[in-house]
1. Name every residue in the stretch 136-158 that is among the hydrophobic types (A, V, I, L, M, F, W, C) and either surrounded by 18 or more Cβ atoms within 10 Å (Cβ to Cβ) or not in a helix (DSSP H, G or I) (or both), in order of residue number.
2. Working only within the stretch 91-148, note down all residues that are more than 19 Å from D69 (Cα to Cα) and of a type in the set (S, T, N, Q).
3. Would you pick out the residues in the stretch 223-256 that are out of contact with any Lys or Arg (no Cβ under 6 Å at 6 or more places or on another chain), at pLDDT 95 or above and of a type in the set (G, A, S)?
4. Got a sec? Which of Q231, Q212 is part of a strand (DSSP E or B), farther than 25 Å from R157 by Cα and not hydroxyl-bearing (S, T, Y)?
5. Among the candidates G58, G63, G35, G46, single out the residue that is among the small types (G, A, S), under 27 Å from V232 (Cβ atoms) and open to solvent by 20 Å² or more (accessible area, probe 1.4 Å).
6. Which one is nearest to the chain's Cα centre (by Cα), of the residues in the stretch 117-135 that are open to solvent by 10 Å² or more (accessible area, probe 1.4 Å), at negative phi and not basic (K, R)?
7. Check C45 against each of (1) touching a strand residue (DSSP E or B) at 6+ places or on another chain (Cβ under 7 Å); (2) not in a loop (DSSP other than H, G, I, E, B); (3) not β-branched (V, I, T) and name the one condition it does not meet.
8. For residues that are assigned to a loop (DSSP other than H, G, I, E, B) and closer than 30 Å to G228 by Cβ, scanning just the stretch 159-200, find the one that is most open to solvent (accessible area, probe 1.4 Å).
Amino acid sequence: MTSYGKFAYVYDELMADMPYPQWLAFAETAWERLGKPKSVAELGCGTGSLTIPLAKAGYQMTGIDLSSDMLAVAQQKLEELPRGLAFLREGSVRWIRQDMREWELPEPVDSVISFCDSLNYVLDENGIASVFKRTYEGLKPGGSFLFDVHHPSTLIRYAEEQPFVMDEPSVSYIWTCDLDEPRMEIEHHLSIFVSEAPGSDRYRRFEEVHVQRAYDPEWMAEELRKAGFRQVQVYADFKWIPAGNEAQRLFYVAVK
């Protein structure tokens, strides 16, 4: 699995157009259907772009990530909140550096979420099974597990449509992809250019390589059942419709 380094400090700027409101809305709708949680753990929480809004909404949040740099950025964002939200800095959010394949907390939680294709960074079947097993063990009875992953066809589309380019005054990137189609594993190669100062024409360049793997949707659903989950459902692209081969992003909803 990838542990973000320098990328963590420009992640929010590069990912500013990510559909965070849609992920939040999907979680809220799921909880309305399955039962409102009090405590929620987020696997692969990154810089806290979902963890912090959910804490603002009143959930007791635990953000779990493998990257200490991502967690450092998340904590900085928490500390920069307005003074009226000081309660969030005083126990409503905690950050824990753990591998999602081995995560555990002192007490079970009501719900676990993992969005933004975080599970696609788990590169082998045993690793996926371990995430599911740990999550089942980390949930209270009746607790929910919500996550999304790329459909295999999405990785094929990335390979066909690359390269991707972003060119902004403060940060830019060139993004290329190499796809191992039999294994359905893709390497994302990013050359990132960050301005040394506002208005400067001098940039620092660094390289990142991120690897993701997509899995057969039915296999993942069966692995959830093997871990003990019931009511396993798969939806498509933020919508509450059954996922088919045309889906780009698969949303799994499972109950302990």
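The values are calculated or read from the model by the stated rules, or taken from the named source; none is laboratory data. A quick note: this is a predicted structure, and the numbers were derived from the prediction, not measured. Glycine gets a Cβ as well: all are built from the backbone with ideal geometry, and neighbour counts include every protein chain shown. The area values use the complete protein model at the heavy-atom level, side chains included, leaving out ligands, DNA and RNA. Shrake-Rupley method; radii C 1.70, N 1.55, O 1.52, S 1.80 Å.
1. Filtering the stretch 136-158 for residues among the hydrophobic types (A, V, I, L, M, F, W, C) gives 139, 145-147, 149, 155-156.
Once the filter is applied, which keeps residues that are among the hydrophobic types (A, V, I, L, M, F, W, C) and either surrounded by 18 or more Cβ atoms within 10 Å (Cβ to Cβ) or not in a helix (DSSP H, G or I) (or both), the stretch 136-158 yields L139, F145, L146, F147, V149, L155.
2. S92, S111, N120, N126, S130, T135, S144
3. Passing the criteria: G228, A236, A254.
4. Values: Q212 fails: farther than 25 Å from R157 by Cα.
Exactly one residue qualifies, and that residue is Q231.
5. Exactly one residue qualifies, and that residue is G35.
6. Going through the qualifying residues, I end up with S118.
7. (2)
8. Among residues in the stretch 159-200 that are assigned to a loop (DSSP other than H, G, I, E, B) and closer than 30 Å to G228 by Cβ, the one most open to solvent (accessible area, probe 1.4 Å) is R183.
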